[in-house]
Structures are given as C-alpha cells and as structure tokens.
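Heads up, the thing below is written out as structure tokens.
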Amino acid sequence: MSKWEFLIENYLYNPINIDQRDVLSRIYFLKMVKNRGNKLFWVTLIILIIIVFFLYQKNKSQPLTPKQECESKGGVWGRIGLDQIPQCNLPTSDGGKICTDSNQCESVCIGEDENSVSGKCADFQIVVGCHARIEHGQAQMLCVD
C-alpha cells in the first residue's frame, strides 16, 4: 500500500475534523495532477473545460436593444407625436373591441365623431392626434401630441 493510499484510506473516510479532510482532499487532487498517466482525470478535466466553454458562450449573447425588444412584442418603435425621444408603442389586446367608456379598454375608447355614444378600443397603448374620446357614453374631442 502506497503512502497516498494509506492517507486516503485511514484519514479521508474516518471521522476526523473537516480541516484535515479538506487538506487530504487537496493532497489527493495534487497527487492526481502529478500523476499524468491518470486518464480518468484528464478526460474529466477536458469534459469540464468543454462544459464551461459552452456555458460561457450561451451567456455571452447580446441582450436585446429597446427597439428589438419592442418589435419582438409586436410594438412600433419611433418618435410618437411631438416627443423627440424614440419610444415603444405596444399593441393592446383589446384593440377594435366595442366600448362606451375608456375604462373598458387597455388604452382609450375612440368614437367616429363628436356625436358618438360608443366607439372602439384603440389598437395601440399610446394614441396621438385628434380623436373623439368616449367617456361615460359621451364623445369629447381631444387632441394629444
């Protein structure tokens, strides 16, 4: 029995304190590194390097820009109204639904003209321009830029 086998058999598997086990496990690891003929060690090391490489490559992908993220959600990217800063205008899930009040819509309820008592929910969250906005069954002309 070699000195290494004796140390591992008598100390690594016997109830000794954690610090001694840690030292012995490090000694065993160093012995494996010194023993270049240990094929299992090298195969394991190569597999670990390959796994780490692929995990690194997976996490290396670039995050989406605000424009790409907006467009991936079906939104329209750009300047809206008089605002000079580009922003995302996302579609509403209830666009085109019949409504009599803006509280019934994700965005606003837009009528045909100022005499409308009902309208349709806006297709996008941000609505600019002049529209007949329906509130409590009554149209109010509103211009938003």
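The values are calculated or read from the model by the stated rules, or taken from the named source; none is laboratory data. Just so we're clear, the structure is a prediction, and the values are computed from it rather than from any experiment. With ideal geometry, Cβ positions are generated from the backbone for all residues, glycine too; neighbour counts draw on all protein chains shown.
Quick check on residue 114: is it surrounded by fewer than 21 Cβ atoms within 10 Å (Cβ to Cβ), assigned to a loop (DSSP other than H, G, I, E, B) and modelled with pLDDT under 90? The answer is yes for residue 114.
The number of residues in the range 79-101 that are modelled with pLDDT under 90 and in contact with an Asp or Glu (Cβ under 8 Å, 6 or more places away or on another chain) comes to 2.
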